[in-house]
Each structure stands twice: as structure tokens, then as C-alpha cells.
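S.K.: Supplied in C-alpha cells, the structure appears directly below.
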Amino acid sequence: QLAAIWESMPKENLLLSVYYRPHFLKIADQFMLSIAISLAICDFLKKYIENVTIKWPNDIYVGDQKIAGILIENSVQQDVIKNSIIGIGLNINQKDFSPHAKNACSLSQLTGLQYDLQQMLQILCECIEERYESIKTGFSPETITASFIYFFNCSSE
């Protein structure tokens, strides 16, 4: 998106775009999509590591190291979101990063393990779908409050 890039060695990380049609979200509520995706990535990472935090609006950290980034591009129609393309860069197996990638880390660096990217993609997609469905089926002021409470708990661990 625009000039943003995600450094990645071939076949070592997860770089993906997710396409949704969140017609249920009004333009004023589009940040709920960012919340859902950020929390989904947190959910995924917490299966393997601790100290996962969200730096709004689009970065996921472990301690003071960046492990993932999110870019969301929305198309609007009248007062709702017509469609969204969600770009995700998630460092899984990469060991070395250029000096330009300040504070970059990967899951493999943090755990000392190698991961099967297909399996990791499946698990990540399940986490994303679960969070997306939660805002799709239960979008309300209470959902917003619950999501922010979860966010603060996620970020404070």
C-alpha cells in the first residue's frame, strides 16, 4: 500500500492478503476491522510465545521487536465499507534481517524452532476468521468494549 514494504526472504514468512466484504460495518466503525485483525494475529502468536503487544494502528510486537505488520485498504459505498483488502506480513522462519528493518524479529528467532508455513497459514486464517465472525455476528457497543478490554489485556502481558 503506497510506499509501505515488508522485507521477507523467499519461503520463510507469511505474506498474505485477505479479502472481505464487511457491508455490516459503517465507515465510522471501520477501526473495528483493524481491532479484529490485530487481535487475531495476537491470538495466533500467543499460541507460541508470550509478551505479544499491539502498536496501533498496524504493528504487532513481541517485547520491543516487530514481528508483524498490517495494512488495510477499504473501499466505501454510501455509508458502509464495500470491501476490504487486508495485507499481513508475519515473520515466521526468517533468521536475518537487513539493518533497515529496525527491531525486526521472527517466531523462529524467538523460539529456536522451524515452522511449517502451510500449517501456520491455516492456523492464522482460523484465528482471523474467528475474530472477523465475532464482529460480523455480534457487532455492538458491547463488542467494542470487550475487544478493547481484550486488547489491553493482550498488550499488558
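The values are calculated or read from the model by the stated rules, or taken from the named source; none is laboratory data. All figures in this text were calculated on a predicted structure; none of them were measured in a lab. A quick note on method: Cβ atoms are made from the backbone with ideal geometry, for glycine too, and the neighbour counts reach across all protein chains shown. When the accessible area is computed, the model is the full protein with side chains, heavy atoms only, and any ligands, DNA or RNA have been set aside. Shrake-Rupley method; radii C 1.70, N 1.55, O 1.52, S 1.80 Å.
S.K.: Enter the accessible area per residue of the range 4-83 (Å², integer; probe 1.4 Å; all protein chains in place).
M.R.: 52
S.K.: In the range 108-130, whose amide N lies under 19 Å from the spot 7 Å out along Cα-to-Cβ of Gln65? List them in ranges.
M.R.: The answer is 108-117.
S.K.: For the range 26-38, in order, what is each residue's ³J(HN,Hα) by Karplus, 6.51 cos²θ - 1.76 cosθ + 1.60 with θ = phi - 60°, in whole Hz (x at glycine and Pro)?
M.R.: Once θ is set to phi - 60°, the couplings for the range 26-38 become 6, 3, 5, 9, 4, 5, 4, 5, 4, 4, 4, 5, 4 Hz.
S.K.: Per the Kirkwood formula on distinct C-alpha pairs, the Rh of the range 1-124 is how many angstrom?
M.R.: About 15.2 Å for the range 1-124.
S.K.: Relative to the compact globular guide of 2.2 N^0.38 Å, what is the alpha carbon radius of gyration of the range 25-94, as a ratio?
M.R.: 1.22
S.K.: Calculate, for the range 102-141, the solvent-accessible area per residue in square angstrom, rolling a 1.4 angstrom probe over the heavy atoms of the protein chains.
M.R.: In whole numbers, the range 102-141 has 59 Å² accessible per residue.
S.K.: Sorted by average packing, counted as other Cβ atoms within 10 angstrom per residue and highest first, what order do 79-90, 102-113 take?
M.R.: Going by the mean number of other Cβ atoms within 10 Å, highest first, we get 79-90, 102-113.
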